[in-house]
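Accompanying notes for the structure given below.
The values are calculated or read from the model by the stated rules, or taken from the named source; none is laboratory data. Just so it is clear, the model here is predicted, and its values are computed rather than measured. Cβ coordinates were reconstructed from backbone atoms using ideal geometry, including for glycine residues, and neighbour counts include every protein chain displayed. Please note that ligands, DNA and RNA were not included when accessible areas were found on the heavy atoms of the full protein model with its side chains. Shrake-Rupley method; radii C 1.70, N 1.55, O 1.52, S 1.80 Å.
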Amino acid sequence: MRFSYAVPSESAFGRRSKEHFFPITSSFSGKKLYLWRKNMKTELILVGRTADKHFQAGISDYAARISHYMPFNINVIPELRNTKNLTEEQQKQAEGELILKLLQPSDAVVLLDEHGLELRSIELARWLERKQQTARRLVFVIGGPYGFSSAVYERADEKLSLSKLTFSHQMVRLVFTEQLYRACTIIKGEPYHHE
């Protein structure tokens with residue numbers, strides 16, 4: 001999360017509720033100070049709807065949980081039509097154009113990709129915490145069955161891999177939302193994660 005100095009004491013919250021502030025103790029005076037919490041927006045872009053109803057239910061559950069920690073949105077790009085007439089490369093190109101239309105110039109874009117950086121859950125939490133301090137909008141992208149176009153790779157800032165194992169692009173959605181929720185609980189020091 002990004003912070004800016006706001007109020008020096010508990011008595012001056014004004015219109016904002018107390019939950020919009022992050023308490024710290026000054027290392028100089030020992031007094032409790034409050035920083036205004038500016039939540040990073042987080043978005044997950046998916047290519048094609050999630051077909052399995054069990055996956056849908058799990059993804060919806062974790063998305064709702066994540067929203068308690070930070071603004072979170074899932075944006076689904078509809079499946080392409082008549083893909084039987086397209087080569088894999090043409091399909092990636094068409095999907096890539098749709099992905100790029102959803103991105104803003106200032107977005108921090110992270111692709112979920114088999115060749116990406118692999119992190120343990122604790123490391124993902126630290127990574128996310130750093131992003132919260134620097135990014136205004138963090139966008140994760142899970143591509144279609146054939147991956148990403150070269151234009152999407154060029155636009156991406158980073159790539160993350162969930163495992164050396166191969167998951168279906170449908171299953172990755174559930175695994176990733178669970179891991180993102182887990183990272184949020186680790187940052188908050190909550191007991192969901194066990195080492």
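Computed quantities for the displayed model
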{"item": "Whole-Å semi-axes of the ellipsoid equivalent to the range 72-166 (Cα gyration tensor, √5λ, descending)", "result": "25, 16, 11"}
{"item": "Length added when fully stretched, SER60-LYS84, from 0.36 nm per residue minus Cα-Cα", "result": "5.6 nm"}
{"item": "Accessible surface, the range 58-109, averaged per residue in Å² (probe 1.4 Å)", "result": "64 Å²"}
{"item": "Exceeding the 26 Å Cα-Cα cut-off - candidates LYS92/LYS164; LYS101/LYS188; LYS53/LYS131; LYS53/LYS188; LYS41/LYS101", "result": "LYS101/LYS188; LYS53/LYS131; LYS53/LYS188"}
{"item": "Per-residue HN-Hα couplings for the range 133-149 [Karplus 6.51, -1.76, 1.60; θ = phi - 60°; Hz; x = Gly/Pro]", "result": "8, 10, 9, 7, 9, 9, 10, 9, 10, 10, x, x, x, 9, x, 10, 6"}
{"item": "Full-extension gain in nm, TYR192 to THR134, via 0.36 nm per residue minus C-alpha separation", "result": "18.3 nm"}
{"item": "Whole-percent carbon and sulfur share, accessible surface of the range 78-195, 1.4 Å", "result": "49 percent"}
{"item": "For peptides 145-151, 166-172, sequence by mean Cβ density within 10 Å, most packed first", "result": "145-151, 166-172"}
{"item": "Förster radius 22 Å - calculated FRET efficiency between ASP52 and ALA151, Cβ distance, rounded to 0.05", "result": "0.15"}
